[in-house]
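What follows is a single structure, written as structure tokens, with notes after it.
Bear in mind these aren't lab numbers, they're just calculated from the coordinates by the rules spelled out. Please read these numbers as outputs of a predicted model, since none were measured by experiment. Every residue, glycine among them, receives a Cβ derived from its backbone with ideal geometry; neighbour counts consider all protein chains shown.
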């Protein structure tokens with residue numbers, strides 16, 4: 001079967017799975033205005049307010065991607081006892097994502113990333129500034145016990161656990177160890193978007209990082225395909241992974257390593273209208289996880305992730321492509 005036909009056959013099989021998404025949930029706020037003039041007070045543009053958008057971010061974005069691809073996420077994370085927590089719950093519920101797995105920690109704020117964007121005559125508004133409201137303190141023992149209990153309640157009914165680590169305090173080494181121990185006797189795929197904290201995910205099935213994170217972790221320069229191939233193999237072996245080590249490389253595609261010391265490069269589709277890379281990594285890990293559950297080979301999963309991410313970077317902010325959009329992108333292969 002030709003590669004395109006094989007990928008097309010896999011896309012409908014991304015649906016119907018149940019994935020526990022554990023990680024740092026974030027409310028992404030986009031405040032958009034029209035740039036009218038430069039301020040007299042500082043060298044910044046003055047924006048006249050147009051609209052405000054609220055989008056699931058952080059670990060909530062892979063969950064939203066899973067929904068759009070026809071599967072069911074079980075969202076587990078930590079929020080504050082504040083107005084933003086209420087808003088985040090509403091945003092998730094509007095997408096059909098259950099919020100019963102969100103644990104309230106009154107001692108920390110709900111993580112919010114506010115982006116200020118300016119319309120300046122271009123197709124999409126341009127980001128002017130970003131303000132983050134967050135705590136990077138690790139969750140305390142009481143909250144961790146509550147999160148562990150939520151995981152225990154859900155683990156029997158899922159095919160995979162996807163850890164989305166935004167380094168905002170939830171995915172402590174002990175909590176990750178809980179995930180390993182609770183799935184040790186079950187056929188559950190463990191996947192992680194490690195954001196550079198790779199050492200926490202020893203023994204997982206699938207781990208993803210980007211090119212800069214791989215360079216920083218390995219403490220060596222990576223430039224060529226061969227450099228990244230060896231890096232992926234080294235990470236696969238040092239982390240004792242079972243399915244795949246994935247390094248995303250933007251316009252250069254994805255390099256994967258799998259058992260047996262094998263590595264492969266999956267080129268990215270040609271995308272000439274890149275507007276925003278926010279959320280592309282979340283889409284990649286969600287697609288990779290679902291594709292492996294659907295029976296895809298590692299290289300096939302990476303190709304689907306490339307095409308899905310290519311759809312995201314054509315939009316501003318987190319965007320979750322549908323199976324129909326993914327099918328159209330593959331048909332153009």
Length-normalised contact order of the range 1-133 in % [C-alpha pairs under 8 Å, at least 6 apart] | 27
Residue span residue 216 to residue 238: 0.36 nm per residue of separation minus Cα-Cα distance leaves a gain in nm of 6.4 nm
Any idea what the relative contact order of the range 174-333 is, in percent, if you count C-alpha pairs under 8 Å spaced at least 6 apart?
-> 17
For the range 1-113, the Cα gyration tensor yields equivalent-ellipsoid semi-axes (√(5λ), largest first, whole Å) of 34, 23, 10
Give the relative contact order (percent, whole number) for the chain; include only Cα pairs under 8 Å separated by 6+ residues.
-> 18
Theoretical FRET efficiency, 1/(1+(r/R0)^6), r = Cβ-Cβ of residue 126 and residue 185, R0 56 Å, to 0.05 | 0.65
Quick calc, residue 4 & residue 167: beta-carbon distance into FRET formula, R0 35 Å, rounding 0.05, result 0.40
Which one is right for this structure if percent of Cα pairs over 31 Å apart is calculated from it: (1) 31; (2) 47; (3) 40?
-> (1)
Residue 323/residue 299 FRET efficiency (R0 22 Å; Cβ-Cβ; nearest 0.05) | 0.65
Within the P(r) computed for the range 213-333, what percentage of the Cα pairs occupies the region above 19 Å?
-> 46
Measure of size requested: the Rg and Dmax of the range 159-264, with Cα atoms as the atom set and Å as the unit; please supply both.
-> 13.4, 40
Which value in deg cm²/dmol, rounded to the nearest 500, describes the helix-derived mean residue ellipticity at 222 nm for the chain, given -39,500 (n - 2.57) per DSSP H run of n ≥ 4 and division by the residue count?
-> -10500 deg cm²/dmol
Kindly rank 52-62, 88-98, 74-84, 284-294 from highest to lowest mean number of other beta carbons found within 10 Å of each residue.
-> 284-294, 52-62, 74-84, 88-98
Mind running the shape call on the range 35-75? Use the C-alpha gyration tensor, a ≥ b ≥ c as the square roots of the eigenvalues: rounded below 1.5 for a/c, prolate if a/b tops b/c, oblate otherwise.
-> prolate
Spin-label proximity, residue 42 to the range 123-148 - amide N less than 19 Å from point 7 Å beyond Cα toward beta carbon | 126-134
Span from the the range 23-72 Cα centroid across to the the range 212-251 one, whole angstrom | 31
Here Rg/Rh (Cα, Kirkwood) for the range 72-176 equals 1.04
